[in-house]
Structures are given as C-alpha cells and as structure tokens.
Amino acid sequence: MMSDSHMLVSLLFFLGFFSTCHAVWFVLPPSGTKCVSEQIQSNVVVLAHYVAIGPDYNITLNPTVSVKVTSPYGKDLHHSENATYGDFAFTTQEAGSYLACFSLENNQGTGDVSLHLDWKIGIAAKDWDEVAKKEKIEGVELELRKLEGSVTAILENLKYLKGREAEMRSVSEKTNTRVATFSIMSLGICIVVSALQLWRLKRYFQKKKLI
C-alpha cells in the first residue's frame with residue numbers, strides 16, 4: 001500500500017505537469033521585433049525575468065534590447081530600453097493574451113543574440129519561503145500548502161477554460177445562425193430575381209407576339 005509521503009510526492013509530480021512556470025529561449029532578429037504571448041486569466045500575479053545573451057553565449061558583449069509588455073487591450077504594463085537583463089511583474093486585470101515583445105538595440109558581436117525569458121504565473125509566482133516564515137510551517141505541511149495552492153490554481157484554470165469554451169460555443173452558434181440567415185436571404189433574392197427575369201422575358205415574347 002502506498003504511504004502518505006509517497007502519495008504526496010506522486011501528487012506533486014502529477015501537478016508539476018500543470019505548472020505555470022516555464023522558460024523560453026529564442027533568437028532575436030537583427031531588426032524587427034520578437035513577441036511571446038501567454039493566455040492568462042484575470043487577477044493572476046505574473047513575474048518574469050529576462051536576459052539577452054550575446055553570440056556564443058558571451059554575456060560580456062552586452063547586447064541590449066527594448067522590452068514592452070502589453071495587456072489584451074493594449075495597455076502598457078512594462079517598458080524598458082537599453083536593457084541587457086531585467087524583471088517585470090504585474091497582476092492581470094482582464095483575461096486574455098498578454099504580449100511581451102523584444103527588439104534588439106545594440107549588438108557588439110557578429111552573431112545571433114539569444115534571449116532567455118522565465119515566466120512565473122499564478123501559484124508559481126508565490127514566495128513560499130516568505131509564506132513558511134510568516135505562518136511558521138515547514139516540511140510536509142509546507143508541501144501540502146503548495147499542493148493546495150496548485151489544486152486551487154488548476155480548478156481556477158479549468159473554470160476559466162470552461163467559460164472560454166462556453167463563450168466560443170456561443171460565438172459559433174451566433175455565427176452559424178447568421179450564416180443560415182444570410183443563406184436563406186440569398187436564396188430568396190435569387191428566387192425573386194429569377195421570377196422577375198421570367199416575367200420580363202414573358203412580357204418581351206408577348207410584345208413580339210412570339211407566344
């Protein structure tokens with residue numbers, strides 16, 4: 001029979017698949033902008049750290065970038081110029097796609113400049129060391145608190161996804177109704193136009209005494 005400690009480890013390992021902490025590596029183009037988007041629900045804490053790395057991973061070349069983070073409605077949440085590394089943090093006000101854009105400003109080398117972006121969203125952004133000190137908990141009790149936080153975050157994400165699914169289904173149904181209405185109207189117009197053409201042809205033939 002599985003012990004409580006083994007069960008706890010298994011649950012934490014399972015919930016690790018749903019972690020909202022991840023890192024992104026990408027190469028910045030010599031000109032233009034490279035953006036990374038993240039779909040986040042409202043009232044969620046977001047922490048991020050970024051660092052620009054020169055050719056052959058040489059940080060002494062000090063490449064600098066321009067950083068701009070925007071909300072789904074285009075509101076500026078963070079803007080930085082001539083930065084080799086930095087951090088940004090915010091709490092989401094609305095659900096949607098949050099955009100972090102990076103553009104290269106200065107590259108003293110001759111090769112590609114890479115950027116490392118580390119996102120921490122929701123439960124992953126929580127300072128558990130501070131929680132442990134404040135509430136005087138440690139060991140299994142602290143891990144259980146982390147587990148509780150992870151479960152809560154997953155339930156909130158599922159609720160958000162369910163809401164998004166209902167919204168998309170509603171939009172799809174409205175679109176289908178509009179398409180059906182448009183099709184019926186188009187068919188009705190075609191019938192009317194055809195009837196008018198037949199009537200005009202009939203009048204023409206009658207006038208020419210062909211019928």
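The values are calculated or read from the model by the stated rules, or taken from the named source; none is laboratory data. Since this is a predicted model, take the numbers as computed values, not measurements. These accessible areas exclude ligands, DNA and RNA; they are computed on the full protein's heavy atoms, side chains included. Shrake-Rupley method; radii C 1.70, N 1.55, O 1.52, S 1.80 Å.
Given a 1.4 Å probe and the protein chains all in place, what does the accessible area of E94 round to, in Å² to the nearest 10?
Accessible area of E94: about 50 Å².
Using a 1.4 Å probe and ignoring any ligands, DNA or RNA, find the accessible area of W25 and quote it in Å² to the nearest 10.
Roll a 1.4 Å probe over it and W25 shows about 140 Å².
Using amide H atoms built 1.01 Å from N in the peptide plane, name the residues 5+ places from A95, or on other chains, whose amide H lies under 5 Å from its own.
Amide H to amide H, under 5 Å and 5 or more residues apart or across chains, A95 pairs with S42.
Can you work out ³J(HN,Hα) from phi for every residue in region 145-150, in order, using Karplus 6.51 cos²θ - 1.76 cosθ + 1.60 and θ = phi - 60°, giving whole Hz and x for Gly and Pro?
5, 4, 4, 4, x, 5
Between the alpha-carbon centers of region 177-207 and region 66-124, tell me the distance in whole angstrom.
With region 177-207 and region 66-124 each reduced to a Cα centre, they are spaced 57 Å.
Using the Karplus curve 6.51 cos²θ - 1.76 cosθ + 1.60 with θ = phi - 60°, what ³J(HN,Hα) values do you get for each residue of region 75-88, in whole Hz, with x for Gly and Pro?
3J(HN,Hα) across region 75-88, in whole Hz: 6, 6, 9, 7, 8, 9, 10, 6, 10, 8, 8, x, 9, 8.
From the backbone phi of region 167-182, what are the Karplus-calculated ³J(HN,Hα) couplings (6.51 cos²θ - 1.76 cosθ + 1.60, θ = phi - 60°) in whole Hz, Gly and Pro given as x?
5, 5, 5, 5, 4, 5, 5, 5, 5, 4, 5, 5, 5, 5, 4, 5
Determine the order of I154, I40 by accessible area, beginning with the largest, at a probe radius of 1.4 Å.
I154, I40
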